[in-house]
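Okay, so here's the structure we're looking at.
The values are calculated or read from the model by the stated rules, or taken from the named source; none is laboratory data. What you see is a predicted model, and the numbers here were worked out from it, not measured in a lab. Positions of Cβ are backbone-derived with ideal geometry, glycine not excepted, and every protein chain shown enters the neighbour counts.
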């Protein structure tokens, strides 16, 4: 996930340079940044089936190969159309990540260890943009974005041999709630639609920060490229630390006997409310206050992001989690329209206040969804009878 988000955010870091080189508007830049999410979202509805049918470790390796090659090719191709195509291929490859790792964790880890595991993965997800912004940003300032994109894609490929050697075993693991679930069975579940709505509210602010934060710092706060690199890296690092800390604290209280659902929901409510406050502060912040509000938003996003997949892994159970995660992430990633919407609002208003206000509203809505709409935190017992569901299994 660390490498995934370096590759995903690579073009966002290059946005100020890219806009000048291609002579495109903010709206066109928003389309280019948003194109990744078109194929990413569409493939999520398909890759859940692959993760359910095949070894998730091998599916992850195949997707990884595709997204690394797409990153490398981004530095070679020329013109808006070819860059758009590379972003589409990147989205296809990266779509496998969350369904694969959710199934791997659901197979191998009990509830009281999933907070740290998911927090660590989310921390990797946030440290990717931090390392990418700091390292790639400084390199782009000196060598240009094309050389850096090619280099990142090629270096990323060195992860594959290590994964193939040490990836988790593909042997079958006992399931905690017998039977299997079809797509239609999952779609009949109210908790699924709640987690899908919650995933949308998680993805929208996440994609705003990944795609537009560098441009916001340069355009709205008038930072140089070098200054932007350090501020953005600090933001992502604080976000990652908050996610890891939240996972550890949640697991601690669950081991001490508190109800897992109450712990996870409390973290989500606190996190997304804090993020909303931070974004509202950023909307009107000046050069002397934007950094403090940005850090508040970072703490909120890290806290809120830490538990989203722990919900999925528990509610779906080991045999349904691949399909559930793919479908949930597919609906959630309809938030991929956000980068394009931000571009249009910036063109329309000339600043980021409206775009950031929308992001804050989505964060607040997310807090309400995770707190009130998910319902009881318990695993569904999937019946082997087609389309029939046995009574839900209470989580101990």
Open item on the list: Take the conditions closer than 25 Å to residue 286 by Cβ, surrounded by fewer than 24 Cβ atoms within 10 Å (Cβ to Cβ) and modelled with pLDDT of 90 or more and apply them to residue 274. Does it pass?
Closed with: yes
- [ ] Give the residues of segment 281-315 that are buried (at least 24 other Cβ atoms within 10 Å of the Cβ) and either over 23 Å from residue 366 (Cα atoms) or modelled with pLDDT under 90 (or both), sorted by residue number.
- [x] 307
Task: Pairs where the first residue, in segment 234-263, is assigned to a helix (DSSP H, G or I) and the second is modelled with pLDDT under 95 and surrounded by fewer than 17 Cβ atoms within 10 Å (Cβ to Cβ), C-beta under 6 Å, 6+ apart - done: 251/112; 254/112; 255/112
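Hey, which of the helices (runs of 4 or more DSSP H) in segment 70-183, taking only ones fully inside, have at least 1 residues that are out of contact with any strand residue (DSSP E or B) (no Cβ under 7 Å at 6 or more places or on another chain), crowded, with 17+ Cβ neighbours inside 10 Å and modelled with pLDDT under 90?
Numbers: elements: 80-94, 97-108, 111-131, 137-143, 145-156, 159-166.
Those helices (runs of 4 or more DSSP H) span 80-94, 97-108, 111-131, 137-143, 145-156.
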Task: Residue count for segment 293-311, restricted to those that are under 17 Å from residue 105 (Cα atoms) and either part of a helix (DSSP H, G or I) or out of contact with any helix residue (DSSP H, G or I) (no Cβ under 6 Å at 6 or more places or on another chain) (or both) - done: 5
Task: Tally of residues being surrounded by fewer than 19 Cβ atoms within 10 Å (Cβ to Cβ) and not in a loop (DSSP other than H, G, I, E, B) across segment 220-230 - done: 4
Task: Sole residue being out of contact with any strand residue (DSSP E or B) (no Cβ under 8 Å at 6 or more places or on another chain) and surrounded by fewer than 19 Cβ atoms within 10 Å (Cβ to Cβ), chosen from 29, 17 - done: 17
Task: Test result for residue 314, in a helix (DSSP H, G or I) and in contact with a strand residue (DSSP E or B) (Cβ under 9 Å, 6 or more places away or on another chain) - done: yes
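So which of 330, 326 is within 19 Å of residue 34 (Cα to Cα), modelled with pLDDT under 90 and assigned to a helix (DSSP H, G or I)?
It is 330.
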Open item on the list: Being in a helix (DSSP H, G or I), more than 23 Å from residue 347 (Cβ to Cβ), touching a helix residue (DSSP H, G or I) at 6+ places or on another chain (Cβ under 7 Å) and in contact (Cβ under 8 Å) with a residue 12 or more places away in the chain: is that true of residue 30 here?
Closed with: no
